[in-house]
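Enquirer: Handing you a structure now.
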Amino acid sequence: MLIGGEWVEAAGGETFETIDPFKGEAWARLPRGRADDAERAVAAARAAMAGPWGRMSASERGLLMFRLADLIARDAEHLARVEVRDNGKLINEMRAQVRYLPQYFRYFGGLADKIEGAVLPIDKADTFNYTSHEPLGVCVAITAWNSPLLLAVNKLAPGLAAGNTFVLKPSEFTSASSLELGRLFEEAGFPPGVFNVVTGFGVEVGAPLVDHPHVAKVAFTGSEGGGQAINEKAARGLKHVTLELGGKSANIVFADADLDNAVKGAVSGIFAATGQTCVAGSRLLVQNSIYDAFVDRLVAFASTARIGDPQSETTQVGPVTTPPQYRKILDYIDIAKAEGAVCRLGGRPATGAECGRGQFVEPTIFTEVDNRMRIAQEEVFGPVLSCIRFEDDDEAVAIANDSLYGLAAGIWTRDLRRAIALPRRLQVGIVWVNMYRAVSYMSPFGGYKRSGLGRENGMDAVREYLQTKSVWVSTAAETPDPFSIR
Ligand code: NAD
């Protein structure tokens, strides 16, 4: 683990293995951190706030971030390969993701010295009042297993630009790439303790980090249950939180859409990343007049998806990352069948020679799904699509909004009026029109309702890592009556 610029074992000396989901075998051994390690890491991050980092100008912070960006670009192939060994996602996807990460550090690194306060035209005589935006202090980042580096960088880039220090606790399933990132922080020349990585399990080392009285903020990406547990703890310590949680996003296809593009959009919404993406378009709402024909085209297209080794350039659907997730997906397939949904594609584990020793689920499409079914209400986080009928715009909006979640939605239409009017009516944080699953460091990302709190990416993100100070300076020659408020 990386704590205060030192590479250390867990204080208790324990370790755990990380598994390659395709080969089904352990490929690395990691320190199993506990409360002692959380304590050490927070102390290091706190000391770094008080050290050279805290005194550095914002421009100097930005320069360090630019250097880090260059190092990530240099090592992108290596980092992407590490990600694939840990999470089993496609090399094409992970390579593209890692190659994109430098832009986060460049965008937010450039922003670091443009965080400006204001001089306020205050309504008091002989008074000068201004605001400044200051870092929160020690931030804890806790990430999920599906895109470990991207999820970490979403937090680190705006948080460092704002002047905070970090302890990162990656998922116990996919920690290796976060440690590799630590090496690059060192090489870039960040002062020790600005970026610390502790590895281990959520309740063992994540919970003590969240509880720690010297932690000012917790930025979390993960499950709804994990987010609730963290939010409750953080509330007791009155800490800042951002929570990026799950979703049950509606991808809505109208009869007037370009249907070839809409088929591709539906597939990219649910089968890309084997459905292990928070913004998965797992509910496909299709207008009644084209429902049967559209589903036929979709099934034909999805049935050609190439399953196999995620390190191969030609694979389109890789393994499920973790054993619990694999069992959960198969359970939901059984639930959908028992609820009366019609399985038009897949619905089984995939077990051919191309699957190695990995745990694969066939791309699965259910039709005749009613939005009240569990398969339409609960997040599966796998390659399982629920197709739901609707008549008109009002019904599409009603079904899309009939969800406890509110992360994203897709709209497929050629009607300009609808393309502009509908996004306003959808209770979600992200709407894609005639596209799906695009993300940028420039554009806010986050959910409504139970999909989360706060925003990552874009200008919104840096505000999540700042607090505002109001400074009052009297220019009066004499202090007025001390017994009344000014
Ligand atoms: P998870 O909640 O099980 O674990 C996420 C992280 O939290 C891990 O590092 C884990 O060790 C830690 N953790 C768990 N319980 C904790 C506790 N009590 N205290 C402190 N730390 C704790 O989630 P997961 O299974 O790894 O990830 C899948 C979920 O993540 C899905 O629901 C998915 O939708 C969501 N996700 C959301 C986004 C988004 O940006 N909205 C992105 C990716 C994944």
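Enquirer: Roughly how many whole Å is it from the C-alpha centroid of the stretch 434-486 to that of the stretch 283-340?
Expert: Answer, in whole Å: 41.
Enquirer: In terms of modelled amide H atoms, which long-range or inter-chain residues lie less than 5 Å from the amide H of Lys449?
Expert: Under 5 Å from the amide H of Lys449 lies no amide H from a residue far enough along the sequence or on another chain.
Enquirer: How far apart, in nanometres, would the label points at Trp7 and Asp394 be if each is projected 7 angstrom from Cα along the Cα-to-Cβ direction?
Expert: Modelled inter-label distance: 6.5 nm.
Enquirer: Using the Karplus equation 6.51 cos²θ - 1.76 cosθ + 1.60 (θ = phi - 60°), what ³J(HN,Hα) coupling, rounded to whole Hz, does each residue of the stretch 62-67 give in order, writing x for Gly and Pro?
Expert: Each residue's phi maps through the Karplus curve to give x, 4, 4, 5, 5, 4 Hz.
Enquirer: For labels at Leu259 and Gln467 in the simple 7 Å Cα→Cβ model, what's the distance in nm?
Expert: 5.8 nm
Enquirer: Follow-up question, since we're still on this one. What FRET efficiency would be calculated for the residue pair Arg327, Thr479, taking the C-beta separation as r and a Förster radius of 56 Å, to the nearest 0.05?
Expert: 0.20
Enquirer: Follow-up. Determine ³J(HN,Hα), in whole Hz, for all residues of the stretch 447-454 in sequence, where each value follows from phi through the Karplus function 6.51 cos²θ - 1.76 cosθ + 1.60 and θ = phi - 60°; x replaces Gly and Pro.
Expert: x, 8, 6, 7, 7, x, 10, x
Enquirer: With each run of n ≥ 4 DSSP H residues scored as -39500 (n - 2.57), what mean residue ellipticity at 222 nm is computed for the chain after dividing by its residue count and rounding to the nearest 500 deg cm²/dmol?
Expert: Calculated at 222 nm, the ellipticity per residue is -11500 deg cm²/dmol.
Enquirer: Apply the Karplus parameterisation 6.51 cos²θ - 1.76 cosθ + 1.60, with θ equal to phi minus 60°, to every residue of the stretch 308-323 and state each ³J(HN,Hα) to the nearest whole Hz, in sequence, with x for glycine and proline.
Expert: Per residue, the Karplus-derived 3J(HN,Hα) values read x, 5, x, 7, 8, 5, 9, 5, 10, 10, x, x, 7, 5, 10, x Hz.
Enquirer: Highest first, please rank the peptides 192-199, 451-458, 338-345 by the mean number of other Cβ atoms sitting within 10 Å of their residues. Walk me through the numbers on the way to the answer.
Expert: On the way: 192-199: 26.4, 451-458: 22.0, 338-345: 16.0.
Order by mean packing, descending: 192-199, 451-458, 338-345.
Enquirer: Next up: Can you bin the stretch 250-433 into rounded, prolate or oblate? Criterion: square roots of the alpha carbon gyration tensor eigenvalues sorted a ≥ b ≥ c, rounded for a/c under 1.5, prolate for a/b above b/c, oblate for the rest.
Expert: prolate
Enquirer: While we're here: Along the charge dipole of the chain, which of Ile270, Leu111, Thr127 sits closest to the positive end, that is, farthest toward it, with unit charges on the beta carbon of Lys, Arg, Asp and Glu (+1, +1, -1, -1)?
Expert: Of Ile270, Leu111, Thr127, it is Thr127.
Enquirer: Kindly provide the pair-distance distribution of the chain built from C-alpha pairs, with 10 Å bins from 0 and whole-percent values in order of increasing distance.
Expert: 4, 19, 27, 24, 15, 7, 2, 1, 0
Enquirer: Based on the Cβ-Cβ distance from Phe201 to Asp123, what FRET efficiency comes out when R0 is 60 Å, to the nearest 0.05?
Expert: 0.65
Enquirer: Between Arg417 and Ser59, 0.36 nm times their residue separation minus their Cα-Cα distance comes to what?
Expert: This chain segment gains 124.4 nm when fully extended.
Enquirer: To continue, here is another question. Return the long-range amide H neighbours of Leu284 (sequence gap of 5 or more, or a different chain), with a cut-off of under 5 Å between placed amide H atoms.
Expert: Asn251, Ser386, Cys387, Ile388
Enquirer: Could you let me know the centre-to-centre spacing of the stretch 112-139 and the stretch 169-195, using Cα atoms, in angstrom?
Expert: Using only Cα atoms, the two centres lie 33 Å from each other.
Enquirer: How many nm is it between the label spots at Glu368 and Arg29, if each spot is 7 Å from the Cα in line with the beta carbon?
Expert: With each label placed 7 Å out from Cα toward Cβ, I get 5.4 nm.
Enquirer: Something else about it: Among Gly340, Tyr465, Ala398, pick out the residue whose Cα is farthest towards the positive end of the charge dipole of the stretch 327-486, where Lys and Arg carry +1 and Asp and Glu carry -1 on C-beta, about the Cα centre.
Expert: Of Gly340, Tyr465, Ala398, it is Tyr465.
Enquirer: Please list 300-309, 273-282, 250-259, 236-245 highest first by mean number of surrounding beta-carbon atoms within 10 Å per residue.
Expert: Result, highest mean first: 273-282, 250-259, 236-245, 300-309.
Enquirer: Where in the stretch 47-86 is the amide nitrogen less than 20 Å from a point lying 7 Å along the Cα-to-Cβ axis of Glu313?
Expert: Counting backbone N atoms under 20 Å from the label point, the list is 74-85.
Enquirer: On to the next question. Given a 1.4 Å probe and every protein chain left where it sits, what share in percent of the accessible area of the chain is carbon and sulfur?
Expert: The C+S portion of the solvent-accessible surface of the chain is 53 percent.
Enquirer: If you don't mind, another one. Kindly work out what percent of the DSSP beta bridges joining two residues of the chain are antiparallel, to the nearest 5.
Expert: Numbers: 30 of 69 bridges.
Just about 45 percent of them are antiparallel.
Enquirer: Would you mind checking which residues have amide H under 5 Å from Phe166's amide H? H placed 1.01 Å from N; only 5 or more apart, or other chain.
Expert: Cys139, Phe195, Asn196
Enquirer: A follow-up question, please. Per residue, how many Å² of accessible area does the chain show with a 1.4 Å probe?
Expert: 41 Å²
Enquirer: A follow-up question, please. At R0 = 35 Å, how high is the FRET efficiency between Asp296 and Lys449 if r is their beta carbon distance? Nearest 0.05 is fine.
Expert: After rounding to 0.05, the efficiency reads 0.55.
Enquirer: Return the aspartates and glutamates within reach of Lys233: Cα separation strictly under 17 angstrom, same-chain partners fewer than 8 residues apart disregarded; answer none if there are no such residues.
Expert: List returned: Glu39, Glu204, Asp211, Glu224, Glu244.
The values are calculated or read from the model by the stated rules, or taken from the named source; none is laboratory data. Keep in mind that what you see is a predicted model, and the values were worked out from it rather than measured. Backbone-built Cβ (ideal geometry, glycine too); neighbour counts: all protein chains shown. Each accessible area value is taken on the protein alone, full model and side chains, heavy atoms only, with ligands, DNA and RNA left out. Shrake-Rupley method; radii C 1.70, N 1.55, O 1.52, S 1.80 Å.
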